[in-house]
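Let me begin by presenting the structure, written as structure tokens, before commenting on it.
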């Protein structure tokens, strides 16, 4: 993998625009909540660090990762947000369930990116 030896969490904070004017939606899967809630907390911390006001961050929960796309669609249609983060965790087991869920969510989020200008 090309990214295997890279730290994908590093970035230049000076290149991030001031977030004061942005409204951000976060859709969080409740499945594996101990993991996804940590993702959500980290996202909120990073957003507020870059100026996004806490009152401009809307968090909604969905049952699992497969429902992230529907939650994001509702948020895009019914909330006034500039961007939407989808946070889920699918743990690979012995069946192909992992592949089906990940493929479905990837395709769903791709379709949302094509449909909505956020």
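For (1) surrounded by 15 or more Cβ atoms within 10 Å (Cβ to Cβ); (2) touching a helix residue (DSSP H, G or I) at 6+ places or on another chain (Cβ under 6 Å); (3) modelled with pLDDT under 95, each residue gets a yes or a no:
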site	(1), (2), (3)
21	no, no, no
38	no, no, no
51	no, no, no
65	yes, yes, no
84	yes, yes, no
97	no, no, yes
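Based on what the data block shows, is residue 78 exposed (fewer than 14 other Cβ atoms within 10 Å of the Cβ), closer than 19 Å to residue 109 by Cβ and either without any contact (Cβ under 8 Å) to a residue 24 or more places away in the chain or touching a strand residue (DSSP E or B) at 6+ places or on another chain (Cβ under 8 Å) (or both)? Walk me through how you get there before you give the answer.
Working: exposed (fewer than 14 other Cβ atoms within 10 Å of the Cβ): yes; closer than 19 Å to residue 109 by Cβ: yes; either without any contact (Cβ under 8 Å) to a residue 24 or more places away in the chain or touching a strand residue (DSSP E or B) at 6+ places or on another chain (Cβ under 8 Å) (or both): yes.
Taking the combined requirement at face value, the residue satisfies it.
Residue 14 passes all but one of (1) farther than 28 Å from residue 103 by Cβ; (2) assigned to a helix (DSSP H, G or I); (3) modelled with pLDDT of 95 or more; which number fails?
Only one criterion is unmet by residue 14, namely (3).
Please work out which residue is nearest to residue 69 (Cα to Cα), limiting yourself to segment 24-36 and to residues that are surrounded by 15 or more Cβ atoms within 10 Å (Cβ to Cβ) and more than 14 Å from the chain's Cα centre (by Cα). Explain how you work it out, then say what you get.
Pass one, segment 24-36, residues surrounded by 15 or more Cβ atoms within 10 Å (Cβ to Cβ): 24-29, 31-32, 36.
Right, trim to more than 14 Å from the chain's Cα centre (by Cα) and you get 31-32.
Numbers: 31: 15, 32: 17 Å.
Among residues in segment 24-36 that are surrounded by 15 or more Cβ atoms within 10 Å (Cβ to Cβ) and more than 14 Å from the chain's Cα centre (by Cα), the one nearest to residue 69 (Cα to Cα) is 31.
Could you please find all residues in segment 38-47 being out of contact with any strand residue (DSSP E or B) (no Cβ under 7 Å at 6 or more places or on another chain) and either within 18 Å of residue 64 (Cβ to Cβ) or touching a residue at least 12 places away in the same chain (Cβ under 8 Å) (or both)?
Taking segment 38-47 as the starting set, the residues that turn out to be out of contact with any strand residue (DSSP E or B) (no Cβ under 7 Å at 6 or more places or on another chain) are 38, 41-42, 45-46.
If the condition is that a residue be out of contact with any strand residue (DSSP E or B) (no Cβ under 7 Å at 6 or more places or on another chain) and either within 18 Å of residue 64 (Cβ to Cβ) or touching a residue at least 12 places away in the same chain (Cβ under 8 Å) (or both), then 38 is the only one that fits.
May I ask you to list the residues in segment 53-63 that are over 22 Å from residue 108 (Cβ atoms) and either crowded, with 16+ Cβ neighbours inside 10 Å or touching a residue at least 24 places away in the same chain (Cβ under 8 Å) (or both)?
Narrowing segment 53-63 to residues over 22 Å from residue 108 (Cβ atoms): 53-57.
Answer for segment 53-63, where residues must be over 22 Å from residue 108 (Cβ atoms) and either crowded, with 16+ Cβ neighbours inside 10 Å or touching a residue at least 24 places away in the same chain (Cβ under 8 Å) (or both): 53, 56, 57.
The values are calculated or read from the model by the stated rules, or taken from the named source; none is laboratory data. What you see is a predicted model, and the numbers here were worked out from it, not measured in a lab. As a convention, Cβ positions derive from the backbone with ideal geometry for all residues, glycine included, and neighbour counts pool all protein chains shown.
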